[in-house]
Amino acid sequence: MIATSATSFEQRGARAALLASSADAAREPLEFARRLCDAQAGLGMPKSLTGRLSEDVHALSLQPVLRVAAEHGPELLAIEADKRLHDDEETARTRLLVYWSGDARQDFLSRAMLQPYVETLRARNVSPDRLHNPGHCPFCGGAPWISARKPEHDADSGFRFLSCALCALDWQFNRILCPSCEEQEPAKLPVFQSDVYPLVRIEACETCRRYVKSIDLTKDGRPVPIVDDLLSIAMDLWAAEEGYTRIEPGLAGL
């Protein structure tokens, strides 16, 4: 059987549906995330992929992701998705290649469309032709969208792992280091927490004014960070009000 990423998206969608059933404040983003994951899981990947998007893109059928975003996404995202549904083939291809080259930051729609492709590349051990900047994913060069503190036998407070927004790889990362600008002065790397979300914190940087959200799995191993992140959207709204920008938007584009 040819390796694909469908199962991982199905699992995320199931987790989002479970959380949405009991999370009133975050129900809408979780429902959107569920629909988005279902659409991503349904994308069929070609049998042969080179890892060079300029060659592979012609064989990819990605519009179902745009349709879900246009029909169920947050207002501004839905408007942009609807516009992109009407792009001609060359414009649609160019948008994806610009994102792939690293020239378009926080292009949520391109990222969402390409996630199944890149996760499939990782499942098949096919290296993508992307630059690998410091602080980014060692497999595909994607930026981190969530951090997790995972338990280890000899680490009282756990090790820090970043999760790639593009291929979903988790990799261990220095606890006192900004993934965005490599700032390593502790005084410039504040951490913010809320009693409302005891397992969640904002790991910020005063130098670049960017942040990554972190979920503590040393105290509770049940959360799926990529999905459970949406339960604490209020912390992202607070961070934005304080002038911080998330390194990569979460699963629902927030």
Subset tally (residues that are surrounded by fewer than 20 Cβ atoms within 10 Å (Cβ to Cβ) and either within 15 Å of the chain's Cα centre (by Cα) or among the hydroxyl-bearing types (Ser, Thr, Tyr) (or both)) for region 12-36: 2
Hits in region 69-86 - residues which are in a helix (DSSP H, G or I), under 13 Å from residue 36 (Cα atoms), within 19 Å of the chain's Cα centre (by Cα) and not small (Gly, Ala, Ser): 72, 77
The listed residue being modelled with pLDDT of 95 or more and in a strand (DSSP E or B), out of 157, 163, 110: 163
Exclusive hit being within 20 Å of residue 107 (Cβ to Cβ) and not in a strand (DSSP E or B), set 220, 229: 229
Qualifying residue in region 96-103 (condition: open to solvent by 30 Å² or more (accessible area, probe 1.4 Å), within 25 Å of residue 50 (Cα to Cα), of a type in the set (Val, Ile, Thr) and over 12 Å from the mean Cα position of the chain (by Cα)): yes
Members of region 199-230 found to be closer than 16 Å to residue 30 by Cα, surrounded by fewer than 22 Cβ atoms within 10 Å (Cβ to Cβ) and touching a residue at least 60 places away in the same chain (Cβ under 8 Å), listed by number: 224
Within region 37-67, considering residues that are among the β-branched types (Val, Ile, Thr) and open to solvent by less than 20 Å² (accessible area, probe 1.4 Å), the one nearest to the chain's Cα centre (by Cα): 65
Matching residues, region 202-254, being at positive phi and of a type outside the set (D, E, K, R): 243, 253
Any hit, region 208-216, residues being outside any strand (DSSP E or B), within 21 Å of residue 189 (Cβ to Cβ) and modelled with pLDDT of 95 or more: yes
Members of region 113-137 found to be under 20 Å from residue 161 (Cβ atoms) and outside any loop (DSSP other than H, G, I, E, B), listed by number: 115, 118, 119, 122, 123
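The values are calculated or read from the model by the stated rules, or taken from the named source; none is laboratory data. Only a predicted model underlies this, so the values are computations on that prediction, with no experimental measurement involved. Glycine gets a Cβ as well: all are built from the backbone with ideal geometry, and neighbour counts include every protein chain shown. Just the protein is used for accessible areas: all its heavy atoms, side chains included, with ligands, DNA and RNA removed. Shrake-Rupley method; radii C 1.70, N 1.55, O 1.52, S 1.80 Å.
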